[in-house]
Amino acid sequence: MRFEFSDAEEKFRAELLEWIRGALPADYAGAGEDPDADWDLNLKLRRELARRGWLTLAWPREYGGRAASHMTQVIFNEEMGFHRVPGRDAFGARMLAPTLMVHGSEAQRKQFLPPVARGEVQWCQGYSEPDSGSDLASLQTRAVGDGDGFKVNGTKIWTSLGHRADWIFFLARTDPEAPKHKGISFFLSDMKTPGITVRPIVNMAGEHHFNQITFEDVWVPRAQLVGEINKGWYVATTLLDFERSGIDYITAARRVLRDLAEHARMTKGPGGPLADQADVRARFASLAAQAEASRILAYEVAWLQGQGAVPTREASMSKVLGTRLMNEVTDFGLELLGAAARLDRGTDSAPLRGRILRARFDCIAWPIFAGTNEIQKNIIATRGLGLPRSY
Amino acid sequence: MDFGLTEEQKLIRDGARQFLRTTATGAYVREMSAHPTGCRPDVWRQIADLGWTGLIAEERHGGAALGMIELAIVIEEMGAVAFPGPFFSSAVVGLSALKLGGNREQQDAHIPPIAEGARIASVVLESTEMVSASRAGSGWSLKGRLDYVPEVTSADLYVLPAVESRSGKTLLFAIPRGTDGLAAGKRWDTVSHDRLGELALDGAMVGADCLLNGDDASTVLGRLRLVGAGLKAVEMIGGAGRVLEMTVEYAGKREQFGRPIGSFQAVQHMIAEMAIQVSSARHLAYRAAWQLERGGDAGNAVGLAKLRANEAAVRVCELAHQCHGAIGFTQEHDLQLYTRSAMAGRASFGDSRAHRDAVLATLGL
């Protein structure tokens, strides 16, 4: 057992931190305040990350990546998250690219990987549908053979960055007679294809992050089918050997906790700084211990992956812990702000630039997306602990 | 980062698990609750033969010269069976006290018998009262009372702090049982049937050779509290891990509505939560042991570990009770042994409030 990073890992962290210090505008409030407004900065930094080889840190060398260890990826994601640096590319570099490396044709890899590596294309993900959430395999979007391609009809929803995306990867049913997991295929489509419409959905925080995407007789050439027909479920659930530690949730919570600690030190409460009050200290201590525990669990996930293991149970635990922690931390934060908890970022006197309120809203979604925390607990209980399945 | 065990560490874990799970059954643990030392002599002998009582003692003292991680591995397995007895007091804190505070002669005199299991040490770290020490001839006269004394009636050697009456400095003494003026009170009735109680020192005269750390012992005492808290966190996680196993097993066999209750999501989610609590506390506990082994300031690592273990261990037991239903509330069921241990563990070597400042230092508070 060794609970410290190697010299090489620490060196990478230092190099990254130095770049981060120079990369952000002086008055930068941080992604999460308004991701959509930070979009240009996002694209600019993404290209810089691409130039430094950090956008493709985890890719194998044969595709121009750095084949970085899982632990190095954790460090990268942790520091980028903690300093709220935009620019990372979840859908292209972290999700689609490794899927194509495993299941894509040579032509698909040649066409789609280089623009992702250069940070020049935005992808989005078409998985969820209005009637298919946790039970994703019940999806109803249809793709029917049509000449040298497919005609697609259906609706995708909760599509993050759908309004910013150039391309979409999505799942559609190609055999309605087959058992539900065995009639699904994995496709790629240009978002400018006729028949695709994007309807914005504004979330409760007032932000435009996700969308509903309608396919109406959208033609997709056969060359954009990934893997075999009707095998799309396996393409979609490919165990991508990228960092899956859940560090992003935990890092966000740690950052808010640190900001709140500073606020509590600087803010007068009845009889002295908030940071001196016993109830405040008790909450901070409990949350700090949970945050540190969650962080080490995320490192363990990366370590297990580095050992060649598939840490399904640990990754699910990390998601539950991190997302729950973020909800607790931001809620505690609002309590700490007292009357000012109501002030949103448009008010000049809003404490911490209204960021706690924003984060409080944002993270309501976290226990829901990427597999609800209840689904994660089902996975822990059944796949992790061997209890009988209930569905 | 390395979360793995070496081959030698795996052997220690497997050996400890096998020995403890066959020896320390629920019946044994119950039987020991009234036993004067909390450990049947033949079992203590076997523990000594396995080298555990001298695990962290140096080879020249008959020890195995292993480190805190190896000690933590054994202690986690002891926690997993709610193992009663003086091991923690003697082989963990006792040996640490002598290693940290004793000079060469004192170590040579006291460590070998403790390492071979022939003597039991008790280190007083949690007393709410204080003893005063005054010079008397070439030695010292000690006066006062101490409470929360571990192994109060069975220890052979008491390691205890006293305040020097003139300078106000804290001193540390190692005093054999049988010293005139030293009187152990009766063993208290406690939640986990441990062997705490009071010790009275009525002008007990002790020689200069009983003074452990000549100058100021507060650094040594601080370190010993961290050793105790860090390894107590490990022990608590051992118990919580076993409670999780018991609950998975029970939920897999207990049927209601014609199905194992473990197939119901309401039950699965409680059990998943238990697993989350155990995993999230376990790494912090081992990191504390690692930090203690490594030297340097371990206050933050230990504080985080103990605070998290305090919350997790009790929560795990609560959820286990809910999954077990009425049977888990009985004396005949083993679950209560673990719940009692978790409650005792939470209160020992610093409750959550005691570790709060160390944890808050990580946030600059």
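The values are calculated or read from the model by the stated rules, or taken from the named source; none is laboratory data. What you are looking at is a predicted structure, and each value in this text was computed from that prediction instead of being measured. As a convention, Cβ positions derive from the backbone with ideal geometry for all residues, glycine included, and neighbour counts pool all protein chains shown. Calculation scope for accessible area: heavy atoms of the full protein, side chains included, ligands and nucleic acids excluded. Shrake-Rupley method; radii C 1.70, N 1.55, O 1.52, S 1.80 Å.
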How many nm separate the modelled label positions at B:Ser218 and A:Asp131, each set 7 Å beyond the Cα in the direction of the Cβ?
7.3
Dividing the convex hull volume of the Cα atoms of the protein assembly as shown by its residue count, what figure in Å³ per residue is obtained?
177
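For region A:123-235, what does the equivalent ellipsoid look like in terms of its semi-axes, each the square root of 5 times an eigenvalue of the Cα gyration tensor, given largest first in whole Å? Walk me through the intermediate numbers first.
Details: eigenvalues 104, 52, 24 Å².
Calculated on Cα positions only, the semi-axes equal 23, 16, 11 Å.
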Once the Cα atoms of chain A are picked out, what are the Rg and Dmax in Å?
21.8, 77
I need the semi-axes of the equivalent ellipsoid of chain B: take the C-alpha gyration tensor, multiply each eigenvalue by 5, square-root it, list largest first in whole angstrom.
37, 21, 20
Can you give the translational diffusion coefficient of region B:218-361 in µm²/s, computed by Stokes-Einstein from the Kirkwood radius over Cα pairs at 37 °C and 0.692 mPa s?
209
Nearest 100 Å² is fine: what is the total accessible surface buried where chains B and A meet, probe 1.4 Å?
4200
Return the residues of region B:351-365 for which accessible area with all protein chains present is lower than in the chain on its own by 40 Å² or more; set the probe to 1.4 Å and exclude ligands, DNA and RNA.
B:Arg356, B:Leu360, B:Leu363, B:Leu365
Selection of chymotrypsin sites (Phe, Trp or Tyr not before Pro), region A:290-351, meeting DSSP coil and at most 16 other Cβ within 10 Å:
none
How many nm separate the modelled label positions at A:Glu4 and A:Ala339, each set 7 Å beyond the Cα in the direction of the Cβ?
5.0
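How much accessible area per residue does region B:218-361 have, in Å², with a 1.4 Å probe?
Numbers: 5340 Å² over 144 residues.
Using a 1.4 Å probe on heavy atoms only, each residue of region B:218-361 averages 37 Å².
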Net charge (Lys, Arg +1; Asp, Glu -1) of residues whose beta-carbon lies under 13 Å from that of B:Leu231, B:Leu231 excluded, is 0
Angle in degrees between helix B:335-347 and the longest Cα principal axis of chain B, rounded to the nearest 10:
40
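Report the chymotrypsin sites (Phe, Trp or Tyr not before Pro) located in region B:150-192 that are in a DSSP loop and have at most 16 other Cβ atoms inside 10 Å of their Cβ, or state none.
Numbers: sites: B:Tyr158, B:Phe173, B:Trp188; in loops: B:Trp188.
Sparse-neighbourhood loop chymotrypsin sites (Phe, Trp or Tyr not before Pro): B:Trp188.
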Give me the one-decimal Kirkwood hydrodynamic radius in Å for region A:46-97, with the sum taken over alpha-carbon pairs.
11.1
Taking every eigenvalue of the Cα gyration tensor of region A:206-349, multiplying by 5 and rooting it, what semi-axes result, largest first, whole Å?
41, 24, 9
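Please compute the volume of the convex hull spanned by the alpha-carbon atoms of region A:295-339 and report it per residue in Å³.
46
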Within chain A, what is the number of lysine pairs with alpha carbons under 21 Å apart, leaving out pairs fewer than eight places apart on the same chain?
12
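Between B:Ser165 and B:Glu59, what is the FRET efficiency for a Förster distance of 45 Å, r being their Cβ-Cβ separation, to the nearest 0.05?
Working: r = 40 Å, r/R0 = 0.89.
With R0 = 45 Å, the Cβ-Cβ based efficiency is 0.65.
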Accessible surface of B:Arg30 - all protein chains present, 1.4 Å probe, nearest 10 Å²:
70
Ordered by number, the trypsin sites (Lys or Arg not before Pro) in region A:139-209 that occupy a DSSP loop and have at most 13 other Cβ atoms within 10 Å are A:Lys192
Working with all protein chains in place, sort B:His193, B:His355 by solvent-accessible area computed with a 1.4 Å probe, largest first.
B:His193, B:His355
FRET efficiency for A:Glu48 and B:Gln322 from the Cβ-Cβ distance with R0 = 60 Å, rounded to 0.05, comes out at 0.70
Which three extents, in whole angstrom, do the alpha-carbon atoms of region B:77-143 cover along their principal axes, largest first?
48, 31, 19
Calculated FRET efficiency for the pair B:Arg13/A:Thr238, C-beta based, R₀ 45 Å, to 0.05
0.80
Per q in 0.10, 0.11, 0.17 1/Å, what log10 I(q)/I(0) does a Debye calculation on the alpha-carbon atoms of region B:7-119 return?
-0.28, -0.33, -0.79
Treat each spin label as a single point 7 Å out from the Cα along the C-beta direction, and report the B:Glu255 to A:Glu177 distance in nm.
3.9
How tilted is helix B:104-115 with respect to the longest principal axis of chain B? Cα atoms for both, answer in degrees (0 to 90, nearest 10).
30
